[in-house]
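First comes the structure, then the notes that go with it.
The values are calculated or read from the model by the stated rules, or taken from the named source; none is laboratory data. Please read these numbers as outputs of a predicted model, since none were measured by experiment. Methodologically, a virtual Cβ is constructed for each residue, glycine included, from the backbone with ideal geometry; neighbour enumeration extends over all protein chains shown.
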Amino acid sequence: METISSLKNPRVLAWRSLKDKKGREAHHAFLVEGTKMVREALSSSFSVETILLREDLAGSFEFPPSIPSFVLPEHVFSAVSDTKTPQGVAAVLTLETKPVSGPRLLALDGVQDPGNVGTIVRTADAAGFDGILFSRECADLFSPKVLRATMGSIFRLGFSFPPSLPEALENIKKKGFSVLSSQLDGEPFYERSNVAPSFVLVVGNEGNGVSDAVKAVATHHLCLPMRGGAESLNAAVAAGIMMYDLVR
């Protein structure tokens, strides 16, 4: 393992840039942190380019010897890390998409809060969904906050970023899928009918909901009942309720 001690080292500068979307796109890579996330990455189909270890953990974390690794002193590792209390282990992965297939799909239409996006991905994995489509307006799936919120579920789901979500949903609908738009002015969710065995659940933007273009494609327009005084639900909470009920 090579040791890098300078913050000005070109490799360190590149790793630090992965905190931002511009840097991730420039290097076609992203960084995950922590023992759990790195182990999940190593057991996934993602390509792990590099392992980063803080000096005090050098030699204590097992990984395939074929993967290049670097030891960083604490001040350098902290500069690369996005967390307040780094665990001392990180990995650089190739930024890529995974094929979206299967009968239970999710589409996020402009969900912009990173915590919501990560939580929805994690819940989709737990509920048994197969893949997720992200509109261009969504929070970046590979941002550090989103990745942390997924708790490793990003490595178990297919995902794609179609140039046009309405067009992608139209193509999926032609294959016999129901497209379920979740919206405040929809029909009662628990009274839904004629939902095909294969379906896409669409979750909209926190403030504006599902876009008109996507609503026009949908086969169903559904709303969770609001029996109390609240006018709406958090996007991730609403998505979780609907996903679990759909697979029940």
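Quick notes
- Of the strands (runs of 3 or more DSSP E) lying entirely inside segment 49-140, those carrying at least 2 residues that are surrounded by fewer than 21 Cβ atoms within 10 Å (Cβ to Cβ) are 69-72.
- So Ser43, is it out of contact with any strand residue (DSSP E or B) (no Cβ under 8 Å at 6 or more places or on another chain), more than 23 Å from Asp140 (Cβ to Cβ) and not charged (D, E, K, R): yes
- Considering segment 20-48, and only residues there that are in contact with a helix residue (DSSP H, G or I) (Cβ under 8 Å, 6 or more places away or on another chain) and of a type in the set (Val, Ile, Thr), the residue that is surrounded by the fewest Cβ atoms within 10 Å (Cβ to Cβ) turns out to be Val48.
- Matching residues, segment 1-23, being under 14 Å from Asp82 (Cα atoms) and in contact (Cβ under 8 Å) with a residue 40 or more places away in the chain: Val12, Trp15, Arg16, Leu18, Lys19, Lys21
- Checking each residue in segment 200-234 for being within 10 Å of Gly110 (Cβ to Cβ) and part of a loop (DSSP other than H, G, I, E, B) picks out Glu206, Gly207, Asn208, Val210, Ser211.
- Boolean, Pro86 is on the phi < 0 side of the Ramachandran plot and either under 17 Å from the mean Cα position of the chain (by Cα) or assigned by TED's automatic domain parsing to the domain that holds Ala149 (or both): no
Residues checked against (1) surrounded by 20 or more Cβ atoms within 10 Å (Cβ to Cβ); (2) over 30 Å from Leu93 (Cα atoms); (3) of a type in the set (A, V, I, L, M, F, W, C); (4) modelled with pLDDT under 95:
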{"site": "Phe142", "(1), (2), (3), (4)": "no, no, yes, no"}
{"site": "Leu165", "(1), (2), (3), (4)": "yes, no, yes, no"}
{"site": "Lys173", "(1), (2), (3), (4)": "no, yes, no, no"}
{"site": "Ser178", "(1), (2), (3), (4)": "no, yes, no, no"}
{"site": "Leu201", "(1), (2), (3), (4)": "yes, no, yes, no"}
{"site": "Asp212", "(1), (2), (3), (4)": "no, yes, no, no"}
{"site": "Leu222", "(1), (2), (3), (4)": "yes, yes, yes, no"}
{"site": "Gly228", "(1), (2), (3), (4)": "no, yes, no, yes"}
{"site": "Ala235", "(1), (2), (3), (4)": "yes, no, yes, no"}
